[in-house]
Structure formats: C-alpha cells, structure tokens
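A.B. asks: Sending over a structure as structure tokens; questions will come in a sec.
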Amino acid sequence: MKKVLLIEAMGSAEDLLDAGRELGVQIVVATHREIYESYAPAVKEKVSGVVFTDFSDPERALKELAEYARAEGVEGVVGCWEFLTPVAARLAAELGLPGNDPERADGCRNKRVMAQLFEEHRVPAPRTVLAQDCDAAAAGLAASGFTYPVVVKPAEQAGSWGVSVIQGPDELPEAFAAAQAWEYESPHGFPLDTTVLIQEYVGGVEYSVESVVFEGRITPLTVVQKFTTDGVFRAEIGQTVPAALSEADTATLYGTTVAAIRALGITNGVAHTELKLLPEGGAKIIEVGARLPGDRVPELIRLARGVDEARAFVQVALGIEPELTPRTDRAAAIRFFVPPRAGRFRSIDGVVRSPQVHRIAVYPQPDDEVRGPGDNDGRVGYVMLTAATPQKVNRAADAAIANLTIELE
Ligand SMILES: Nc1ncnc2c1ncn2[C@@H]1O[C@H](COP(=O)(O)OP(=O)(O)OP(=O)(O)O)[C@@H](O)[C@H]1O
Ligand SMILES: [Mg+2]
C-alpha cells in the first residue's frame, strides 16, 4: 500500500483522509502530540498512522520528517493547514517527490512574499505598501497615492483576523495594532512575520477558484460564490458551486487565477484562489493558498461536478495523473446556521425539507453553550442542497432557511 504524509490534519483534512481510503492509500499525519489528542474522534479514526514532531522548530521538523519518510517509504506529501504548506513543499523537494517550488512556497502563506511575487510576475493584484511600525505605515500610505478606503492586514494570519478596511488616517493606528497582534502561529507556535500590509481597496464581487495542478498543468475546477453577512463582522454564511456567472466572466477569473498560481510556483497540488471581478472588467487576486478550500466546498464540488479535488490532490502527490473530467453538470450550495447571539442552545426549527435538500446538520446538543455571530466559530449547523443550476440552488437555499429559527435560552 502506498503511503502519503499529511502535514497536519486541520482544515479540510477529512476529505483527504476519505480520498486516501477510497484510493487504497495510507495517509499518515504529521502533527504535535498534544494537537493529535485534540483531534475529533472521526479524524483520529480515519488516519492510518501518526508521526509526532514540533513545527515550532521548522528546520528540525523538516529533518525529522524527512528521516521518517525515508525510513517508512513515504511516496507523497500533502499539506492541508495553510501555515504549514511551505513545510510540505520543502519536505517534498527534499525527498524528490511531487510538490510545489520550495523557493516560492512562502508566498502561498505569507502575504508580503505573495505581493512581491505578484508584482514581479505582473499578476493583477492590489498595490501594496509594507510597514513594520505605524509611523512607517502612515508615511508609506501618504507616499503611495492610494485613496481611502484602504485595507490593513497582517502578512501572516488567516480567517480575516486582523484585517480592517479603513476610511481615513485617524483609523490607521487601531487597524495597524490589530494587524500586528500575533507573533506566533496557533496552535503549533512557530514565529510569524509581523510585517503589516496596506493595500488599495479592490471593489467588485469576490469569488474563489479551486484548481488542481499536475506537473505544472493548471486545471481550474470551478468558481465558487461566497455569501457573507454585512456589517462589522463579515462572517461567511454560505457558498454556491458553481457561481452564477457568464462564460466570459468565468474565463476572466480562470485566466487571472492561472497567472497567480504560476507566479507562486504551485506546480503539483491544489490552489484555493480568492479574487474579485472588477466592475470595470478584469479581475484582481486577493490571495492564494496551496490548499483545499474550507466550508465543505470539496463536497459541493463533488456534488456539482462529480470531481473529487481531495482525491486528485492525493493522486498528484503520488505522481499519478488526477481524474479531473467533470461527470455531472449540476449546482450545489451550503448555507450555515448562525445564532443571533450567544446563549444556551435549545433547537433549530423551520428548515424546509424540499427535494433539493441534500443534508441538514446541527452541531450542538440541547443545553450546549453557543457563541454568537462574529466569526465562523459561531455556526451551529448547515443545510446542503443540490439543483440543476446555480440560480435554482440559490433559490432553494433561500427558501430552505427563510423561516429558520434558532431557539436559545
Ligand atoms: N485589497 C483588498 N481589497 C478589497 N477587499 C480586500 C482586500 N484585501 C482583503 N479584502 C477582503 O478581506 C477578506 C480577508 O482578507 P484576506 O483574504 O487577505 O485575509 P485572510 O485572513 O486570509 O482571510 P480569510 O482566511 O478569511 O480568507 C477578503 O476575503 C476580502 O473580502
Ligand atoms: Mg482570505
């Protein structure tokens, strides 16, 4: 049985573990001992093995994992947790296995390096000023010629943590401090680049494109449409695959995505690209991760297209031509349930079970404490749907949750 090393079973790891099982490939996870203890039982049950290391010392972790991989005959490496995708690229290169360019792999997690690579390779992306302290940010911003609003964000964070859109210079100090609040990654504890990026604000509608890359050949699988709440917190409340877009707009997004993936040296693996379609035409990249999408999007792609991105990722890691031909032409959507406030959970009522509903999931048990809205951890469940077209699945999703009530105590 072939063996693949998975660099941390976080993010969409279950999709990879399921794909490994279906392909008859053993997936061994590299993690920290205490993080392994906190894995969900379903994840623990699916892993074929585990190797403990300490990613807070990246050089030592790389050495240990290379020794393990050679001794155990590991034939492929996949990264899942975005922060560790450069480790996956370096390990694959060290072992002579398929992976991404180790020299540019930091550009897939560090937005400072990413912005520099985009500029070098003329990829359409927001112009960016870098600063280590707030005075330098103010000076850089004044010299840049950017008009407000501008975006202030950390070089290395995720989940929109520390990302602010500011309307004027008086908001800069607070936004800057928010963007520089983390010195270490959690939960592995390796140091983060505390450079702050100030970017011109890109208008338009945001999408993601999910792609598979095999031996440098880039295949965009689909455009995903993201639904977010308005207001101070922009929690993601749903996704639809594929986005309801014209062929021309889809081609624009794919073209820009391909340029970004090339610039970052993603040559064997997957890419999650966030980008905006501009009102004036064209698109600009917000960011790219060398990882699977979250929010159960791999399952939505399976339902809508009959293509399994996680399976393709494992195949690519093993040097096998991935199966990317669409087998269906439908649409799929997910809408998350988010309670209006924190409290003690009672029940979820009013979800309409139409024929389009594929699954309804409720996370908490009665009496569990739940968080309010604010970020993605506030979710208490979801409804997943399929239909013939994106328009139909969006209508079915709206109807399914129109009378949703979340009872709290
Ligand atoms: N330059 C920009 N112009 C317009 N909007 C932006 C810009 N940069 C970021 N955003 C908005 O902020 C969101 C979060 O930014 P970004 O993706 O860079 O950070 P992140 O922490 O990696 O977030 P996440 O993990 O939520 O995707 C983006 O999805 C986008 O909506
Ligand atoms: Mg992002």
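A.B. asks: Go through the stretch 379-395 and report how many residues are surrounded by fewer than 21 Cβ atoms within 10 Å (Cβ to Cβ) and assigned to a helix (DSSP H, G or I).
C.D. replies: Number of matching residues: 3.
A.B. asks: What number of residues within the stretch 155-170 are assigned to a loop (DSSP other than H, G, I, E, B) and either among the basic types (Lys, Arg) or within 16 Å of ligand 2 (Cβ to nearest atom) (or both)? Spell out the reasoning first.
C.D. replies: Looking only at the stretch 155-170, we keep the residues that are assigned to a loop (DSSP other than H, G, I, E, B), and these are 155-163, 167-168.
This time we only want the ones that are either among the basic types (Lys, Arg) or within 16 Å of ligand 2 (Cβ to nearest atom) (or both), so: 155-163.
Adding up the residues that qualify gives 9.
A.B. asks: Looking only at the stretch 300-334, how many residues end up being in contact (Cβ under 8 Å) with a residue 60 or more places away in the chain and assigned to a helix (DSSP H, G or I)?
C.D. replies: Within the stretch 300-334, residues that are in contact (Cβ under 8 Å) with a residue 60 or more places away in the chain and assigned to a helix (DSSP H, G or I) number 14.
A.B. asks: For the stretch 279-297, what are the residues that are farther than 23 Å from Leu6 by Cβ and either among the β-branched types (Val, Ile, Thr) or part of a loop (DSSP other than H, G, I, E, B) (or both)? Give the steps one after another, and end with the answer.
C.D. replies: Filtering the stretch 279-297 down to residues farther than 23 Å from Leu6 by Cβ leaves 279-286.
The answer is Pro279, Glu280, Gly281, Gly282, Ile285, Ile286.
A.B. asks: Of the conditions (1) near ligand 1 (Cβ under 9 Å from one of its atoms); (2) buried (at least 19 other Cβ atoms within 10 Å of the Cβ), Pro149 clears all except one; give me its number.
C.D. replies: (2)
A.B. asks: Something else now. Check the stretch 363-377 and report whether any residue there is in contact with an Asp or Glu (Cβ under 7 Å, 6 or more places away or on another chain) and assigned to a helix (DSSP H, G or I). It would help to see each step written out before you state the result.
C.D. replies: Going residue by residue through the stretch 363-377, those that are in contact with an Asp or Glu (Cβ under 7 Å, 6 or more places away or on another chain) are 371, 376.
Subset that is assigned to a helix (DSSP H, G or I): 376.
Checked against the condition, which is being in contact with an Asp or Glu (Cβ under 7 Å, 6 or more places away or on another chain) and assigned to a helix (DSSP H, G or I), the stretch 363-377 yields at least one hit.
A.B. asks: Could you pull out every one of the helices (runs of 4 or more DSSP H) wholly within the stretch 1-73 that has 1 or more residues that are farther than 24 Å from Glu309 by Cβ?
C.D. replies: Details: elements: 13-23, 33-37, 41-46, 58-72.
Answer list for the stretch 1-73: 33-37, 41-46, 58-72.
A.B. asks: If you scan the stretch 285-304, which residues turn out to be of a type in the set (D, E, K, R), within 13 Å of ligand 1 (Cβ to nearest atom) and surrounded by fewer than 21 Cβ atoms within 10 Å (Cβ to Cβ)?
C.D. replies: The first filter runs over the stretch 285-304 and keeps only residues of a type in the set (D, E, K, R), leaving 287, 291, 295-296, 299, 302.
With the extra rule that they be within 13 Å of ligand 1 (Cβ to nearest atom), the set shrinks to 287, 291, 295.
If the condition is that a residue be of a type in the set (D, E, K, R), within 13 Å of ligand 1 (Cβ to nearest atom) and surrounded by fewer than 21 Cβ atoms within 10 Å (Cβ to Cβ), then Glu287, Asp295 are the ones that fit.
A.B. asks: Continuing with this model, one more query. Kindly evaluate Ser144 against the criterion of being surrounded by 13 or more Cβ atoms within 10 Å (Cβ to Cβ), within 12 Å of ligand 1 (Cβ to nearest atom) and not assigned by TED's automatic domain parsing to the domain that holds Asp377.
C.D. replies: On the way: surrounded by 13 or more Cβ atoms within 10 Å (Cβ to Cβ): yes; within 12 Å of ligand 1 (Cβ to nearest atom): no; not assigned by TED's automatic domain parsing to the domain that holds Asp377: yes.
When the stated conditions are applied, Ser144 does not pass them.
A.B. asks: Given the conditions (1) over 26 Å from Ala260 (Cα atoms); (2) in a loop (DSSP other than H, G, I, E, B), and given that Thr147 satisfies all but one, which numbered condition is not satisfied?
C.D. replies: Going through the list (1) over 26 Å from Ala260 (Cα atoms); (2) in a loop (DSSP other than H, G, I, E, B), Thr147 breaks only (1).
Conditions (1) assigned to a strand (DSSP E or B); (2) over 28 Å from Pro58 (Cβ atoms); (3) within 16 Å of ligand 2 (Cβ to nearest atom); (4) modelled with pLDDT of 95 or more, marked per residue:
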{"residue": "Ala139", "(1), (2), (3), (4)": "no, yes, no, yes"}
{"residue": "Lys153", "(1), (2), (3), (4)": "yes, no, yes, yes"}
{"residue": "Leu172", "(1), (2), (3), (4)": "no, yes, no, yes"}
{"residue": "Phe176", "(1), (2), (3), (4)": "no, no, no, yes"}
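To keep it simple, each residue is scored yes or no on (1) in contact with a strand residue (DSSP E or B) (Cβ under 6 Å, 6 or more places away or on another chain); (2) at pLDDT 95 or above; (3) not assigned by TED's automatic domain parsing to the domain that holds Ala158.
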{"site": "Gly11", "(1), (2), (3)": "no, no, yes"}
{"site": "Glu45", "(1), (2), (3)": "no, yes, yes"}
{"site": "Gly49", "(1), (2), (3)": "yes, yes, yes"}
{"site": "Leu62", "(1), (2), (3)": "no, yes, yes"}
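A.B. asks: If you don't mind, another one. For the stretch 243-300, what are the residues that are more than 16 Å from ligand 2 (Cβ to nearest atom), under 14 Å from Arg109 (Cα atoms) and hydroxyl-bearing (Ser, Thr, Tyr)?
C.D. replies: Across the stretch 243-300, there are no qualifying residues.
The values are calculated or read from the model by the stated rules, or taken from the named source; none is laboratory data. Predicted, not measured: the structure shown is a model, and the values here were computed from it. Ideal geometry is used to build each Cβ from the backbone, glycine not excepted, and the neighbour counts take in all protein chains shown.
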